[in-house]
1. Considering the alpha-carbon set of region 143-217 alone, what are its Rg and its Dmax in angstrom?
2. Per-residue HN-Hα couplings for region 55-71, Karplus 6.51 cos²θ - 1.76 cosθ + 1.60 at θ = phi - 60°, whole Hz, x for Gly and Pro?
3. Between Arg229 and Lys45, how high is the FRET efficiency from 1/(1 + (r/R0)^6) when r is the Cβ-Cβ distance and R₀ = 30 Å? Nearest 0.05.
4. Would you mind computing, in nm to one decimal, how far apart the modelled labels at Arg162 and Asp208 are, each placed 7 Å from Cα along Cα→Cβ?
5. How high is the relative contact order of region 108-187, given as a whole-number percent (alpha carbon pairs under 8 Å, six or more residues apart)?
Amino acid sequence: MGMESSQHAVVLLSGGLDSATTLAIARDAGYVCHALCFDYGQRHKHELDAAKRVAAALGAVEHRVTTIDLRAFGGSALTADIDVPKDRSDVTDSHDHDDADIPITYVPARNTIFLSFALALAEVLEADAIFIGVNAVDYSGYPDCRPAYIEAFQNMANLATRRGVHGNALTIHTPLIDLTKAQIIGRGIDLGVDYGLTRSCYDPAVDDRGVARPCGHCDSCLLRAQGFRQAGVADPAVSAE
């Protein structure tokens with residue numbers, strides 16, 4: 001691991017595949033991990049239950065859920081009464097996303113807001129790092145998942161914080177940013193991630209028992225299914241249905 005166990009990290013955790021893998025990577029690197037989740041008015045709140053399971057399974061020392069109301073602004077199919085797009089062929093057919101074609105599932109300023117909260121917690125914890133599972137390969141075209149954005153936020157963070165002013169730079173780690181979904185899954189399996197605990201669907205249906213079932217057709221479901229297919233393994237969250 002090559003690190004003193006006293007080094008702490010804030011890990012943004014959504015309950016999905018990418019963030020679960022990110023938490024496993026942070027733990028494997030030797031960080032004491034503090035999982036930070038958000039109830040932000042998203043329609044897929046089943047992910048919060050998944051995040052709780054993932055945080056416990058992967059040894060986070062704490063799991064915080066912070067409530068913010070992004071429905072107050074809307075502007076996204078995840079935070080307003082707008083239909084979630086289904087069966088978009090260009091999601092899995094190409095990685096060359098047109099910057100002008102940002103899907104309606106993009107939540108305005110979400111990663112900026114999440115990272116700002118993570119930055120505040122990191123200051124209080126005197127944590128050296130923030131981990132976020134953004135990805136610039138198999139992603140849906142979100143502008144706040146790009147390397148240039150992360151670099152700009154990190155520069156801002158070290159200008160805006162007490163620790164940064166004192167020369168104790170905080171690092172934002174994006175261990176998945178250059179990986180395909182299949183590579184992410186392979187890395188997670190190597191680290192013992194139980195993907196059966198994770199949930200990724202943007203628009204799940206809740207059955208008579210109150211269990212959220214993935215729709216299988218939204219961007220997130222399509223990318224997840226393609227990732228497991230290319231990794232050559234079954235998705236335990238689907239096969240357990």
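1. 18.3, 55
2. Along region 55-71, the couplings run 4, 5, 5, 9, x, 5, 6, 7, 9, 9, 10, 10, 9, 9, 10, 7, 5 Hz.
3. Details: r = 27 Å, r/R0 = 0.92.
That gives a FRET efficiency of 0.65.
4. So the two model labels end up 5.7 nm from each other.
5. Result for region 108-187 is 37 percent.
All of the numbers you see were taken from the coordinates with simple rules; none came from a lab. Everything numeric here is computed off the predicted structure, so don't read it as measured data. Glycine gets a Cβ as well: all are built from the backbone with ideal geometry, and neighbour counts include every protein chain shown.
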